[in-house]
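Peer 1: Okay, handing you the structure first.
The values are calculated or read from the model by the stated rules, or taken from the named source; none is laboratory data. Only a predicted model underlies this, so the values are computations on that prediction, with no experimental measurement involved. Here the Cβ is made from the backbone with ideal geometry for all residues, glycine too, and neighbour counts use every protein chain on show.
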Amino acid sequence: MTSSITRHHDVRMRGFAARSTVEEAIHWVDAHVSRLASVKEPLESAHGRVLAEDVIAALNVPAFDRSAMDGYAVHAEETSGAGMYNPLSFKLIGQSLPGRACDVTVEPGTVVRIMTGAPMPAGANGVVPVELTRESNGQVEVTEPVAVGKHVGRVGEDIGSGTTVLSAGRRLRPQDVAVLASIGATEVPVVSQPRVRIIVTGNELVRPGEARAEHQIYEANSYLLSGLVTRDGGHLTSIEHVPDQRDAILRALTAPGADVMLVSGGSSVGAEDHAPSLVAEAGELVIHGIAMRPSSPTGIGRIGEAIVFLLPGNPVSCLCAYDFFAGRAIRHLGGRSPDWPYRRSSETLARKLVSVVGRTDYCRVRQTAEGIVPLAVSGASILSSTTRADGFVILPPESEGIAPGKSVDVLWYDQP
């Protein structure tokens, strides 16, 4: 495999002499990004985080035999033969309530009123649901038999002490956090969240809500990137809007406190595209220019311990480059799978997908009654194409396109 990784120079107003392949760029990211260290996180904020270690239960859940129904605790064997026309009568000798010890013992011929979650009294081995009973004057009639152990939650039937509750590498769902709470955990070991800084460059940009001159545009990429960073488990530390001035961009690039920096704009070959040369001067510019469409001006490098991704200013290119490379790094750093975070399926193509040998193509597509069709308007600056699209298809560099009627692997924008 021929690599262009070490042949970078100032490409402003000159163009790229060579481009790296998508495969080379992904390989570099995978080789230079590793999972961050673990931290203890309060249980209240653990949802969505990735477990760094196995969690072992230190107690049984439940820790005592308890009722699973409102009703009466009984000797189950004594209810044999009970029926609507043959009710069996028992003496009521007490009650058991949740959260309190029960000091009553069920002797033959007696029952104890019991609520859901309350401890089973000594001597009882079953619970008759209240709807199968009639209580009057200190006596309880049972109208249906129950088996031994019926409606009783046994010690450790949910979680046994010493068992592995959740395994390392698991992304915590709400029910997982609830299980951790059930064993008394107050904090949990999770992988640190990657700290991400977004740097937006461009004199032509103004923020929504600000006055816009005739030849300026509203800046959208920071909103795109912040949502993607959150989706991928990163911690967004700041969004910095800087002018196309070398000193301002350099200050943003060299400030401490980030594991990943996303630079939106200024990555191409224009006279004011300063970011690539600044990354090379302050650290290492490993890749600049990738054989793909869109996103060919993408750059990747490092400054200190931080990984820097130079993302094209055109919004579709920005999205594409983020998903191929930056998102992969953020997911990996945070302990998640680095693979695409999109649902995918095999679908039939209704219209030809066009490609060129030698580059990777990111093709936005729609689902129709006839099958999958490419968007008619698909320029890198047409951000709305990503809202009209249902998903995208990746065409590898060896492809000359895909004919109608063939199957394609579609990655859907909607989350799984």
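Peer 1: Please find, within segment 31-74, the residue that is nearest to Ser167 (Cα to Cα) out of those that are basic (Lys, Arg) and in a strand (DSSP E or B).
Peer 2: Per the stated criteria, the residue is Lys40.
Peer 1: May I ask you to verify whether Gly327 is out of contact with any His (no Cβ under 9 Å at 6 or more places or on another chain) and either closer than 23 Å to Asp390 by Cβ or touching a residue at least 40 places away in the same chain (Cβ under 8 Å) (or both)? Full working, then the answer.
Peer 2: Values: out of contact with any His (no Cβ under 9 Å at 6 or more places or on another chain): yes; either closer than 23 Å to Asp390 by Cβ or touching a residue at least 40 places away in the same chain (Cβ under 8 Å) (or both): yes.
Yes, satisfied.
Peer 1: Let me ask you something else. If a residue has to be small (Gly, Ala, Ser) and either surrounded by fewer than 14 Cβ atoms within 10 Å (Cβ to Cβ) or at pLDDT below 95 (or both) to count, how many in segment 142-159 make the cut?
Peer 2: 2
Peer 1: In addition: Take the conditions surrounded by fewer than 20 Cβ atoms within 10 Å (Cβ to Cβ), of a type in the set (Asp, Glu) and touching a strand residue (DSSP E or B) at 6+ places or on another chain (Cβ under 8 Å) and apply them to Glu219. Does it pass?
Peer 2: no
Peer 1: Now, a different point. If you take just the strands (runs of 3 or more DSSP E) that sit entirely in segment 89-164, which of them hold at least 1 residues that are among the charged types (D, E, K, R)?
Peer 2: 110-114, 133-136, 139-142
Peer 1: Being touching a Gly at 6+ places or on another chain (Cβ under 7 Å), farther than 30 Å from Gly313 by Cα and crowded, with 18+ Cβ neighbours inside 10 Å, is that true of even one residue in segment 163-183?
Peer 2: yes
Peer 1: Right, next: Tell me, which residue of segment 27-75 that is free of Cβ contacts under 8 Å to residues at least 60 places away in the same chain and under 24 Å from Asp232 (Cβ atoms) is surrounded by the fewest Cβ atoms within 10 Å (Cβ to Cβ)?
Peer 2: Taking the candidates together, the pick is Ala31.
Results for (1) assigned to a helix (DSSP H, G or I); (2) more than 30 Å from Pro396 (Cβ to Cβ), shown as yes or no for each residue.
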{"position": "His241", "(1), (2)": "no, yes"}
{"position": "Met261", "(1), (2)": "no, no"}
{"position": "Ser268", "(1), (2)": "no, no"}
{"position": "Leu278", "(1), (2)": "yes, yes"}
{"position": "Pro297", "(1), (2)": "no, no"}
{"position": "Cys320", "(1), (2)": "yes, no"}
{"position": "Asp323", "(1), (2)": "yes, no"}
{"position": "Ala326", "(1), (2)": "yes, no"}
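Peer 1: So for segment 290-306 (the condition being more than 28 Å from the chain's Cα centre (by Cα) and more than 23 Å from Ser385 (Cα to Cα)), does at least one residue qualify?
Peer 2: No - not one qualifying residue is present in segment 290-306.
Peer 1: Look at Arg351 and say whether it is over 27 Å from Ala25 (Cβ atoms), assigned to a strand (DSSP E or B) and in contact (Cβ under 8 Å) with a residue 12 or more places away in the chain.
Peer 2: No; evaluated as a whole, the condition is false for this residue.
Peer 1: Something else now. Would you mention how many residues in segment 324-360 are surrounded by fewer than 20 Cβ atoms within 10 Å (Cβ to Cβ), under 30 Å from Arg302 (Cα atoms) and touching a Pro at 6+ places or on another chain (Cβ under 9 Å)?
Peer 2: Final tally of qualifying residues: 4.
Peer 1: Taking the stated definitions as given, is Leu311 within 23 Å of the chain's Cα centre (by Cα) and of a type outside the set (Ser, Thr, Tyr)?
Peer 2: Yes, satisfied.
Peer 1: Looking only at segment 210-222, decide whether some residue is assigned to a strand (DSSP E or B) and not hydroxyl-bearing (Ser, Thr, Tyr). Can you show your working first?
Peer 2: Filtering segment 210-222 down to residues assigned to a strand (DSSP E or B) leaves 217-218.
Imposing the further condition that a residue be not hydroxyl-bearing (Ser, Thr, Tyr) reduces the set to 217.
Scanning segment 210-222, I find at least one residue that is assigned to a strand (DSSP E or B) and not hydroxyl-bearing (Ser, Thr, Tyr), so the answer is yes.
Peer 1: Looking at Ile198 and the list (1) part of a strand (DSSP E or B); (2) surrounded by fewer than 21 Cβ atoms within 10 Å (Cβ to Cβ), which single condition is not satisfied?
Peer 2: It fails just one condition, (2).
Peer 1: Applying the selection to segment 261-277, what residues are among the aliphatic types (A, V, I, L, M) and surrounded by 24 or more Cβ atoms within 10 Å (Cβ to Cβ)?
Peer 2: Within segment 261-277, Met261, Leu262, Val263, Ala275 qualify.
Peer 1: Could I ask something else about it? Could you say whether any residue in segment 183-197 is within 19 Å of Phe64 (Cβ to Cβ) and in contact (Cβ under 8 Å) with a residue 60 or more places away in the chain?
Peer 2: yes
Peer 1: Considering only residues that are among the hydroxyl-bearing types (Ser, Thr, Tyr), surrounded by fewer than 16 Cβ atoms within 10 Å (Cβ to Cβ) and closer than 15 Å to Asp65 by Cβ, look in segment 76-119 and name the one that is farthest from the chain's Cα centre (by Cα).
Peer 2: Filtering segment 76-119 down to residues among the hydroxyl-bearing types (Ser, Thr, Tyr) leaves 79-80, 85, 89, 96, 105, 110, 116.
Next cut, surrounded by fewer than 16 Cβ atoms within 10 Å (Cβ to Cβ) only: 80, 85, 89, 105, 116.
Among the residues that remain, those that are also closer than 15 Å to Asp65 by Cβ are: 105, 116.
Details: Thr105: 51, Thr116: 36 Å.
Out of the qualifying residues, it is Thr105.
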